[in-house]
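The values are calculated or read from the model by the stated rules, or taken from the named source; none is laboratory data. A quick note: this is a predicted structure, and the numbers were derived from the prediction, not measured. A quick note on method: Cβ atoms are made from the backbone with ideal geometry, for glycine too, and the neighbour counts reach across all protein chains shown.
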Amino acid sequence: MKYIELGQDKTKVSQVVLGCMRIPNLSEKEVLNLLDFSQDHGINMLDTADVYKLGTSEELLGKAFFKEKGLRDKFFLQTKCGIRKNPHLYDFSKKHIIEAVNASLKRLNTDHVDSLLLHRPDPLMEPCEVGEAFNELKTSGKVLNFGVSNMNPMQMELLQSGLDYKISVNQVQLSICHTPMLNQGINVNMFNDSAICRDGGVLEYCRLKHITIQAWSVLQHGFFGGVFLEDPNYQKLNEVLERIANENNVSKTAVAIAWILRYPGNMQAVIGTTKTERVALSCDACKVNLTREQWYELYLAAGNDLP
Ligand SMILES: NC(=O)c1ccc[n+]([C@@H]2O[C@H](COP(=O)([O-])OP(=O)(O)OC[C@H]3O[C@@H](n4cnc5c(N)ncnc54)[C@H](OP(=O)(O)O)[C@@H]3O)[C@@H](O)[C@H]2O)c1
């Protein structure tokens, strides 16, 4: 495993993070097993959210922490808030943020989270109001670091203007088969669709500001379109992945994740598997150092062009 520094205290966190969105499909025993296995493989960070199966993901983590004493403190624990269900909307009001965190802490069976992300941008956000909520959560020790998810640079600038604490993280969708954030930079000032800037140069912004970039859905194409590994629609990509995997004595999963970690930002890959054997394959990503040639070959094999 490789580690990067995250947040105010520069805590050393693993580049492969266990995402817990899909653990509501598991039994309590299986969740505990998945956490123990991940920890044994060097993963020391968990990612969840209050909305994952309406709190069930956090509840299952809380039960595991209760059952195995000391387990909670082995992980840098990250959750998210800001998405409301019934009605479905985004809510960055102080009241909602505070209430959501209190409910998360109860479900997670802990007195603090190491990182809190605002899940999706709320156009009605008032930066100073968010700042008040963050100050209260930080002063009370309930949240140690703050970040965002799915935000562009101007949204982060606007939000940061009302905060006393630095935005430490932006969690965004990125895989070899989902690269709009890279395409627009590669095709800058062209008339083709790949040149359309949909995110305001968020990767470059995060690098400039030393904000950790966390990639979600690292093995998916589209918006939860399915896993591209073994997908016949991505035959060329699978062939290249397999060749590089064989050269490095790892799996295609490892190479696909290594492709994300090769980007020269402060990168983390949030994996979503619920299977221990795939956690092990994912951790092998840290054994692979892709060359510039391999990185571009994979980008092109996924169906992209270079001008
Ligand atoms: N911030 C956001 O807006 C946002 C949005 C979505 C997700 N997330 C975070 O990112 C994490 C990862 O997202 P994700 O679950 O979409 O990521 P993912 O790792 O791309 O996908 C995981 C899914 O792919 C399956 N899978 C993995 N390897 C496979 C293989 N070789 N063949 C077939 N299926 C395979 C897994 O099944 P098995 O369980 O059977 O292995 C699981 O269903 C989430 O847990 C969550 O923490 C954040």
- For T291, indicate whether it is surrounded by fewer than 20 Cβ atoms within 10 Å (Cβ to Cβ), under 16 Å from I43 (Cβ atoms) and of a type outside the set (A, V, I, L, M). no
- Item | Those residues of the range 257-281 which are within 11 Å of the ligand (Cβ to nearest atom) and of a type in the set (A, V, I, L, M, F, W, C), in sequence order | I257, I260, A269, V270, I271, V279, L281
- Does the range 256-274 hold any residues that are among the aromatic types (F, W, Y) and either surrounded by fewer than 20 Cβ atoms within 10 Å (Cβ to Cβ) or farther than 15 Å from L241 by Cβ (or both), and which are they? Y263
- E132 passes all but one of (1) over 17 Å from V17 (Cα atoms); (2) in contact with a His (Cβ under 9 Å, 6 or more places away or on another chain); which number fails? (2)
- Only listed residue being at pLDDT 95 or above, farther than 23 Å from D9 by Cα and not small (G, A, S), chosen from L208, L219, L203: L219
- Would you say M190 is more than 16 Å from the ligand (Cβ to nearest atom) and either touching a residue at least 60 places away in the same chain (Cβ under 8 Å) or aliphatic (A, V, I, L, M) (or both)? yes
- Could you pull out every one of the helices (runs of 4 or more DSSP H) wholly within the range 217-307 that has 2 or more residues that are within 27 Å of S194 (Cα to Cα)? 235-248, 252-261, 292-301
- Task: Would you mind finding the one in E5, E58, E28 that is in contact with a Leu (Cβ under 9 Å, 6 or more places away or on another chain), over 20 Å from R120 (Cα atoms) and in contact (Cβ under 8 Å) with a residue 12 or more places away in the chain?
- Result: E28
- Which ones in the range 276-307 are basic (K, R) and farther than 21 Å from Q214 by Cβ? R292
- Message: If the requirement is being surrounded by 14 or more Cβ atoms within 10 Å (Cβ to Cβ) and of a type in the set (D, E, K, R), which of these qualifies: E242, E277?
- Response: E242
- Candidate set from the range 117-137 (those that are surrounded by fewer than 19 Cβ atoms within 10 Å (Cβ to Cβ) and charged (D, E, K, R)); member that is farthest from Y165 (Cα to Cα): R120
- Note on the structure: Of the residues in the range 61-87, those that are in a helix (DSSP H, G or I), aliphatic (A, V, I, L, M) and without any contact (Cβ under 8 Å) to a residue 40 or more places away in the chain number 1
